[in-house]
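Asks: Starting off with a structure, shown below.
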Amino acid sequence: TNSKTWSQRFEKSLHPAIAEFNASISFDIQLIEYDLTGSVAHAKMLAKTGIISHDEAEKMVSGLEQIRQEYREGNFNPGVDAEDIHFAVERRLTELVGDVGKKLHTARSRNDQVGTDTRLYLRDQIQQIRQQLVDFQTVLLDLAETNVETLIPGYTHLQRAQPISLAHHLLAYTEMLNRDWERLGDVYKRVDICPLGSGALAGTTFPIDRHYSAELLGFGRVYANSLDGVSDRDWAIEFLSAASLIMVHLSRLAEEITLWASQEFSFVTLTDSCSTGSSIMPQKKNPDIPELVRGKTGRVFGHLQGLLVVMKGLPLAYNKDLQEDKEALFDAVKTVKGSLECMTILIAEGIEFRSSRLAEAVAEDFSNATDVADYLAARGIPFREAYGLVGKVVRTCLEAGKLLKDLTLEEWQQLHPKFEADIYAAIAPRQVVSARNSYGGTGFDQVKQALQNARQRLNNC
Ligand code: ARG
């Protein structure tokens, strides 16, 4: 026999493979608490507007809360026959409270119901992810604060360019993460619109109060158009887009950590609690965690692309294609949260910078060449001319196997009479960094100010 809610319309029961394919219960069970909360609000609204009695609403609410209890205790495990979380809850409610449970779906459709559930879910998740972004920025700031004067090569084209403060490098990431935090706050505004009361697509014949149920659920706004209410997934796509950018940022840092941990760079060592070994090469310590974060980034990009494609050809209003939004959201949320958590641990306790190696790296190259050109330019030589001259010096040094600091004062003065004994101080790594004191630059005074600003900003998050 056919046990489906809609089975009276049908003569034969569903083919088992079709039932399995159609069902979303295996994943939308994650929405259960939001489904219950949404139904409680709907029941209260039905009573307030006189569509059902207060007594009926009370019975519904206590039944719904009982299901919540059962679920939390591990005693509510609906199977494929329930089809989805909405049917599963309604069926159990009717078992618990009798016929009054059958009135819960008055003036409602699963279409506005599922839209309400997923938005309630995502509102919660966005708040949790924003908190994780704050936590991650906090450990980056802690690390930056102790490394203002630690120097590290700065790169363009992955070629040594100019030395920088390690704190400055880390603070670049807190800037990105702060934008991610802001962006999610902006996405939240468009997740925070209530579709409940849109019905299947056209509204309802009952005198409902959509603003009341939305208010009970803490929504900032309600959808102004019922067709839009049940078929809009812009908010999910916006979230996946913001999530993708978070992953871009995590992945870039993950890539840097992976490079830094290589023998070629040797800028960091990974601690035992955050790295893994090889099954065959006993000497190895692998950066699996940043590699996984880098790899998992692809999943989130995929979900963004996937949902964009799901949406592009859908006629109004609800289509079952929309059921595909959930796994994309759930997996993206899980991936972003897991990646943020592990990157936070990695920064807090997983990497140790090798200061002697870093000091050696910034001293043993030509990344102070710009400063030689700046030295002359500050003494009236047109920059382009100074630049050409220093290019020649670098070439001569390379041929002689020397660094700029190895040139004698005589050699400097042969190059240009404006060079004086203070050239040595001007091209020492610490001075080179300290001198870049323009707003937003790596000069120590700038970095200290940036640290202070970032700390203050975090305290206001
Ligand atoms: N499980 C469905 C979904 O996730 C619920 C809405 C179903 N509505 C319908 N008319 N079939 O989208």
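The values are calculated or read from the model by the stated rules, or taken from the named source; none is laboratory data. These figures come from a predicted structure and were not determined experimentally. No Cβ is skipped: glycine too gets one built from the backbone with ideal geometry, and neighbour counts run over all protein chains shown. Just so you know, the surface numbers come from the protein's heavy atoms only, side chains and all, with ligands and any DNA or RNA stripped out. Shrake-Rupley method; radii C 1.70, N 1.55, O 1.52, S 1.80 Å.
Asks: In the stretch 404-461, which chymotrypsin sites (Phe, Trp or Tyr not before Pro) are in a loop and have at most 15 other Cβ atoms within 10 Å, using DSSP for the loop call?
Replies: Details: sites: W412, F419, Y424, Y439, F444; in loops: F419, Y439.
Listed in order of number, the matching sites are Y439.
Asks: Is the shape of the stretch 1-137 best called rounded, prolate or oblate, per the rule: a/c under 1.5 gives rounded, else a/b larger than b/c gives prolate, else oblate, with a ≥ b ≥ c the square roots of the Cα gyration tensor eigenvalues? Kindly include the intermediate steps, with their values, before the conclusion.
Replies: On the way: a/c = 1.96, a/b = 1.21, b/c = 1.62.
Since a/c reaches 1.5 but b/c is at least a/b, the shape of the stretch 1-137 is classed as oblate.
Asks: Among F383, N460, A202, whose Cα projects farthest towards the positive end of the dipole of the chain, with charges put on the beta-carbon of Lys, Arg (+1) and Asp, Glu (-1)?
Replies: A202
Asks: Where both residues lie in the chain, what percent of DSSP beta bridges are antiparallel, nearest 5? Walk me through the numbers on the way to the answer.
Replies: Working: 10 of 12 bridges.
Rounded to the nearest five, the antiparallel share is 85 percent.
Asks: Same structure again: Separation of the stretch 275-316 and the stretch 219-235 by C-alpha centroid, Å?
Replies: Using only Cα atoms to place each centre, the spacing works out to 31 Å.
Asks: Further, regarding this structure: Measuring from label point to label point, each 7 Å out along Cα→Cβ, what is the D81 to L308 span in nm?
Replies: About 4.3 nm separates the two model spin labels.
Asks: To make sure I understand the rule: partners must be lysines, Cα under 25 Å from the Cα of K402, and not fewer than 8 residues away in the same chain. Which ones qualify?
Replies: K392, K418
Asks: Normalising by the residue count of the chain, find the relative contact order in percent from Cα pairs under 8 Å and 6+ residues apart. List each step's numbers first, then the result.
Replies: Working: 619 pairs, mean separation 73.6, N = 461.
Normalised by residue count, the contact order of the chain is 16 percent.
Asks: Charges at C-beta only: +1 for Lys and Arg, -1 for Asp and Glu. How large is the resulting dipole of the stretch 242-358 about its Cα centre, in Debye rounded to 20?
Replies: Details: 13 positive and 14 negative charges, 24 e Å.
With Lys and Arg at +1 and Asp and Glu at -1, about 120 debye.
Asks: Starting from the Cα of N225, step 7 Å along the direction of its Cβ; do the same at R190; then give the gap between the two resulting points in nm.
Replies: In this crude label model, N225 to R190 measures out at 1.5 nm.
Asks: Return the carbon/sulfur percentage of the accessible area of the chain, one whole number, probe 1.4 Å, all protein chains in place. Numbers along the way, then the final one.
Replies: On the way: 11430 of 22340 Å².
Exposed carbon and sulfur together represent 51 percent of the surface.
Asks: Here's a follow-up. Rank P290, L217, V148 by how far each Cα sits towards the positive end of the charge dipole of the chain (+1 on Lys, Arg Cβ; -1 on Asp, Glu Cβ) and give me just the farthest.
Replies: Of the listed residues, the answer is L217.
Asks: Now for a separate question. Given the pairs K59/K334; K189/K320; K4/K326; K4/K103; K296/K326, which are separated by over 28 angstrom at their Cα positions?
Replies: Working: K59/K334 35 Å; K189/K320 26 Å; K4/K326 22 Å; K4/K103 17 Å; K296/K326 18 Å.
Beyond 28 Å: K59/K334.
Asks: While we're on this one: Once Lys and Arg get +1 and Asp and Glu get -1 on their Cβ, which of F265, I280, L253 lies farthest toward the positive end of the dipole of the stretch 236-310?
Replies: I280
Asks: Kindly report the accessible area of the chain per residue (heavy atoms of protein chains, probe 1.4 Å, no ligands, DNA or RNA), in Å². If you can, show how the numbers build up before the last one.
Replies: On the way: 22340 Å² over 461 residues.
Dividing the accessible area of the chain by its residue count gives 48 Å².
Asks: Moving to a separate point now. By how many degrees, 0 to 90 and rounded to 10, does the Cα axis of helix 166-191 deviate from the longest principal axis of the chain?
Replies: The angle comes out at about 20 degrees.
Asks: Moving to a separate point now. Kindly identify the stretch 192-240 as rounded, prolate or oblate by the Cα gyration tensor criterion: order the square roots of the eigenvalues as a ≥ b ≥ c, call it rounded if a/c is under 1.5, otherwise compare a/b with b/c, prolate if a/b is larger, else oblate.
Replies: On the way: a/c = 3.18, a/b = 1.35, b/c = 2.36.
Taking the square roots of the gyration eigenvalues as a ≥ b ≥ c, the stretch 192-240 is oblate.
Asks: Next question. To the nearest 0.05, what FRET efficiency results for S26 and E385 with a Förster distance of 45 Å applied to their C-beta separation? Don't skip to the answer; put the middle values down first.
Replies: Working: r = 71 Å, r/R0 = 1.57.
The formula returns an efficiency of 0.05 here.
Asks: Can you tell me the 0 to 90 degree angle between the C-alpha axis of helix 288-312 and the longest principal axis of the chain, rounded to 10?
Replies: The answer is roughly 50 degrees.
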